[in-house]
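No lab work stands behind these numbers, since they all come straight from the coordinates. Quick caveat: nothing in here was measured; it's all calculated off a predicted structure. FYI the Cβ positions are ideal-geometry reconstructions off the backbone, even for glycines, and counts take in every protein chain you see.
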Amino acid sequence: MIRVAVFASGGGSNLNALLEAVQSGRLDASIVLVISNKAEAGALQIAREYGVPAVHISQKSLPSDDEFNKAILTALKEHGVDMIALAGYLKKIDSCIIREYKNRILNIHPALLPSFGGKGMYGLKVHQAVLDYGCKVAGVTVHLVDEEYDTGPPILQRCVPVEPDDTPETLAARVLEQEHKIYAEALQLFAENRVKIQGRKVSIK
Ligand code: GAR
């Protein structure tokens, strides 16, 4: 069974959805570790409620970037992690971690990449940008993580309609509902060893 670490900086609703998917048998994986860069992140609380080891690893309390990355890698090794799922994690993943977990780090982004992604595109800002552009559809992307923000190849994407009276909040809620389904589905594809990756080309067997 694949052993997954979830990285989260915020409320942790995606983490919660993954834990529920494991519990209900929709996701054949074990969530063995949750890491947050924010001590007060709701995600850490959720992890503890499920009895999952939850650690706060912050750059601010460590002397250098190197020490920060080492602390993360040590925790991942200690818990025998096979895959990492970023779920609202605000920090860029260092290339030393990407090398170690090549093609085994996923991120969920609340838009149809490559639109509305990149540095600073997080949470409600994304949905505001979708509405400002006048898009008729919005959506969600689960993608592999590479060295840049939101540029790795998609694994799964799903659309939702934009309604004429949407606010960033109502659109976010519609997208989040899909996030809570699609992330477990994407991880399940890895659990079943159905994902073939050749460069940017991802095919699902
Ligand atoms: C989610 O909507 C996720 O897609 C988004 O942050 C939210 C975290 O919510 N991530 C990004 O915007 C990444 N650029 P959660 O803490 O409730 O899972």
**Request:** Calculate how steeply helix 13-24 sits against the longest principal axis of the alpha-carbon atoms of the chain, using the helix alpha-carbon long axis, and give the answer as 0 to 90 degrees to the nearest 10.
**Result:** 70
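Once you have the Cα-Cα distance between Thr74 and Leu131, take 0.36 nm times their residue separation minus that, and quote the gain in nm to one decimal.
Working: separation 57, 0.36 × 57 = 20.52 nm, distance 4.16 nm.
Result for the pair: 16.4 nm of gain on full extension.
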**Prompt:** So how tilted is helix 124-133 from the main axis of the chain? Cα-based, degrees 0 to 90, rounded to 10.
**Reply:** 30
**Prompt:** Amide H neighbours of Leu90 under 5 Å, counting only residues 5+ apart in sequence or on other chains, H built in-plane at 1.01 Å?
**Reply:** Ser9
**Fill in**
Nearest-0.05 FRET efficiency for Leu124 and Glu148 at R0 = 22 Å, using Cβ-Cβ distance, is 0.50
**Request:** Can you tell me the order of 102-109, 189-196, 76-83 when each peptide is scored by its average per-residue count of other Cβ atoms within 10 angstrom, highest first?
**Result:** 102-109, 76-83, 189-196
**Prompt:** Binning every alpha carbon pair distance of the chain at 10 Å from zero, what are the percents per bin?
**Reply:** 9, 36, 38, 16, 2
**Message:** Can you find, among Tyr133, Gly152, His180, the residue sitting farthest towards the positive end of the charge dipole of segment 131-205, where Lys and Arg contribute +1 and Asp and Glu -1 at Cβ?
**Reply:** Gly152
**Fill in**
If every Lys and Arg gets +1 and every Asp and Glu gets -1 at its Cβ, then about the Cα centre the chain yields a dipole, in debye to the nearest 20, of 560
**Prompt:** Cα centroid distance between segment 150-205 and segment 98-121, in Å?
**Reply:** 11
**Complete:** Under 5 Å from the placed amide H of Leu156, counting only residues 5+ away or on other chains, we find Val142
**Request:** Using packing as a proxy for protection, rank 125-135, 11-21 so that the peptide with the highest average count of other Cβ atoms within 10 Å comes first.
**Result:** 11-21, 125-135
